[in-house]
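The values are calculated or read from the model by the stated rules, or taken from the named source; none is laboratory data. The structure displayed is predicted, hence computed values, not measured ones. No Cβ is skipped: glycine too gets one built from the backbone with ideal geometry, and neighbour counts run over all protein chains shown.
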Amino acid sequence: MTTLLNVPAEKPDKSRAMIFTVVALLSVAVLGLYFAVRYYPEKHATETFFNALVAGDTAKAYEIWKPSSSYQMKDFLADWGPNGYYGPVKSFALLHAKSPVGASGVIITVAVSPFSPLPNENSDPAQSQKTRVVNLWVESKDKSFSFPP
C-alpha cells in the first residue's frame, strides 16, 4: 500500500539520454563531413590542372590556370613546362588546403615530382629529393590559379 509518505521511485528517463546522444553524434558527423568536403571545388580544380600537366597538355593546363594578362604562355612554360622550374610534372599529391580568415580563395599545397609514381623517402632518396612542394592560390569564385601573395 502506497501512502503519501511512501512515493514510488521515479524511473530513469532513458529517452532523454538517447536524444542527447543522437544529437551529439549527428553534430560530430556534420562537422566531420564539413571538414572533409569544404575545399572540394578548389581541390578538384587543382587535380584537373595537374592531371593536364601529367598528360603533357600544357595548353589545357594554361587554360585551366585562367591567367592574368601579365602571365603569358612563355611565363607559364618557364614555371610548368617540360623544362620549367616545377616541370616536368609526372606525378603529384595534394598535401593540404587552407583558407586564411576572410580570404577569397584557398591555398593548396601540392607535392610535384618528375617521376611516376610519386617517390617517397623510403623508396628512393635520390628521386624524392627532386620532389618539390608548391603552394598555389585557387580563387574560390572562378577557380583561377596564381601563386599565393
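Observations on the model:
- Every residue from segment 71-93 that is crowded, with 16+ Cβ neighbours inside 10 Å, hydrophobic (A, V, I, L, M, F, W, C) and touching a residue at least 24 places away in the same chain (Cβ under 8 Å): W80, V89, F92
- Filtered residues of segment 119-135 (kept if farther than 19 Å from H44 by Cβ and out of contact with any helix residue (DSSP H, G or I) (no Cβ under 7 Å at 6 or more places or on another chain)): N122, S123, D124, P125, A126, Q127, S128, Q129, K130, T131, R132, V133
- Residue within segment 94-110 that is surrounded by 13 or more Cβ atoms within 10 Å (Cβ to Cβ), touching a Leu at 6+ places or on another chain (Cβ under 6 Å), at pLDDT below 95 and not in a strand (DSSP E or B) present: no
- Residues (of a type in the set (A, V, I, L, M, F, W, C), in contact (Cβ under 8 Å) with a residue 24 or more places away in the chain and crowded, with 17+ Cβ neighbours inside 10 Å) located in segment 111-149: V112, V134, L136, W137, V138, F145
- Top-ranked residue of segment 42-58 - restricted to ones that are of a type in the set (G, A, S) and over 17 Å from the mean Cα position of the chain (by Cα), ranked as surrounded by the fewest Cβ atoms within 10 Å (Cβ to Cβ): A55
- Within segment 121-136, the residues that satisfy the criterion of being assigned to a loop (DSSP other than H, G, I, E, B) and farther than 12 Å from S91 by Cα are E121, N122, S123, D124, Q129.
- Boolean, Y39 is hydroxyl-bearing (S, T, Y), modelled with pLDDT under 95 and under 21 Å from the mean Cα position of the chain (by Cα): yes
- The single condition among (1) assigned to a helix (DSSP H, G or I); (2) of a type outside the set (S, T, Y); (3) surrounded by fewer than 18 Cβ atoms within 10 Å (Cβ to Cβ); (4) out of contact with any strand residue (DSSP E or B) (no Cβ under 9 Å at 6 or more places or on another chain) that A61 does not satisfy is (3).
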